[in-house]
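Read through the structure below, which is laid out as structure tokens, and then see the notes.
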Amino acid sequence: MTTINDLVLVHVDNKPGFYARVEDISPDVKKGWWVVKLLVLTFPLQVYTWILDESQIDGAGFTMGGTPLMLEKIQSPVAHHEVQQPTEPGEDKVASAESPARSKVVSLLDRKKNK
């Protein structure tokens, strides 16, 4: 189910077209339809507002002006990390969701001071 803050790949003419982030989903005046605001990740950034039904938000194909479109929800390939409480003051630890091994968080500010 696609929701607010999800990343989507918009397919145009059955080919990958552009990436966007779902900014808002609010009910349309027409029952069963939704006003979807997409932040299109282009330069410059653009905001598209489309009126879609639930199935179209979740990936069903549709046409706009005769052009086939489809939203595909994107999952990040980066593993999610869980932040653990430090064991000692000044010692920050992070555990990967994939492995129980712990690793030290490196401060970029401290790294810059050492140069």
Which condition breaks for Y19 when tested against (1) aromatic (F, W, Y); (2) under 15 Å from D6 (Cβ atoms); (3) loosely packed, with under 11 Cβ neighbours inside 10 Å?
(3)
Which pairs have Cβ atoms under 6 Å, sit 6 or more apart or on different chains, and link a residue in segment 13-30 that is more than 17 Å from L69 (Cβ to Cβ) to one that is part of a strand (DSSP E or B) and modelled with pLDDT of 95 or more?
E23/K37; E23/L39; D24/K37; S26/V35; D28/W34; D28/V35; D28/I51
Scanning segment 1-16 residue by residue, those buried (at least 16 other Cβ atoms within 10 Å of the Cβ) and either of a type outside the set (V, I, T) or under 13 Å from Q75 (Cβ atoms) (or both) turn out to be T2, D6, L7, V8, H11
Expected output for segment 62-77 (first residue more than 18 Å from V40 (Cβ to Cβ) and in the same structural domain as G17 (by TED's automatic domain parsing), partner modelled with pLDDT of 95 or more and surrounded by 14 or more Cβ atoms within 10 Å (Cβ to Cβ), Cβ below 7 Å, 6+ apart or cross-chain) is T63/L69
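The values are calculated or read from the model by the stated rules, or taken from the named source; none is laboratory data. Nothing here was measured: the structure is a model prediction, and the numbers come from that model. Backbone-built Cβ (ideal geometry, glycine too); neighbour counts: all protein chains shown.
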